[in-house]
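What follows is calculated from the coordinates using simple rules that are stated; it is not laboratory data. Everything numeric here is computed off the predicted structure, so don't read it as measured data. All Cβ positions, even for glycine, are placed from backbone atoms using ideal geometry, and neighbour counts span all protein chains on display.
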């Protein structure tokens, strides 16, 4: 089946099928429906970069449907959240704690204290944004790990997917055996 994955041109003979009888996140088979997962791949290079957007038809259940709209967070994003929380703590400590002879540890070392508080707040933030059982991911369960384009024209030659749910990855690999053998599609753990 030649899929419609959005505006990106696919190579001739490219076929891809997403199994639709099981939730790609938690693996349940009850109340499963297919929803569109907006997946983007951005590659930054020293003199530019490229971006591709895909509308993947991912099966989900009611419990996991919200995860389709949450792209996975990169290490840079996690570092940015940690830095923002530490910076906010530093600003609060700088202006809220009086300075003087009887000042405490927070007034004498605001950057150390704010960094520690920022790390604790980051830990709490990321603990809250984790998958709830039986989900395999709080974020999108299907990811594009690698994208191969034709040099001229930008036609998509191969897509390599990462899956947070091993059982769904195996079902995807069975459904796309020929495309995997031809090198158009890849399936691995996210």
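Projecting label points 7 angstrom from Cα along Cα→Cβ for residue 42 and residue 29 puts them 4.0 nm apart.
Each of residue 128 and residue 158 was given a label point 7 Å from its Cα along the Cα-to-Cβ line. The distance between the two points is 4.2 nm.
Quick one: divide the alpha-carbon radius of gyration of the chain by 2.2 N^0.38 Å and tell me what you get. Don't skip to the end; give the middle numbers.
Details: Rg = 22.0 Å, N = 190, 2.2 N^0.38 = 16.2 Å.
Relative to the rule-of-thumb radius for its length, the chain sits at 1.36.
Note on residue 119/residue 12: beta-carbon distance plugged into 1/(1 + (r/R0)^6) with R0 of 45 Å gives a FRET efficiency of 0.30.
Structure remark: mean-square fluctuation, Gaussian network model of the chain, C-alpha springs under 10 Å; the largest value among 154, 162, 27 belongs to 154. Its DSSP H runs of at least 4 residues, each contributing -39,500 (n - 2.57), put the calculated 222 nm mean residue ellipticity of the chain at -10000 deg cm²/dmol, to the nearest 500.
Would you mind ranking 139, 168 so that the residue whose beta carbon has the fewest other beta carbons within 10 Å leads the list?
Numbers: 139 19, 168 24.
Ordered by Cβ neighbours within 10 Å, fewest first: 139, 168.
Estimated at 0.36 nm per residue, the fully extended path between residue 188 and residue 112 surpasses their Cα-Cα distance by 23.3 nm. To the nearest 10 degrees, how steep is helix 110-128 against the longest Cα principal axis of the chain, on a 0 to 90 scale? For helix 110-128, the angle is close to 30 degrees.
Beta-bridge orientation, the chain: approximately 75 percent antiparallel, per DSSP, counting only bridges with both partners inside.
Set the Förster distance to 41 Å, then compute FRET efficiency between residue 178 and residue 78 from the Cβ-Cβ distance, nearest 0.05. Write down the numbers at each step before the final one.
Working: r = 38 Å, r/R0 = 0.93.
Given R0 = 41 Å and the Cβ-Cβ separation, E is 0.60.
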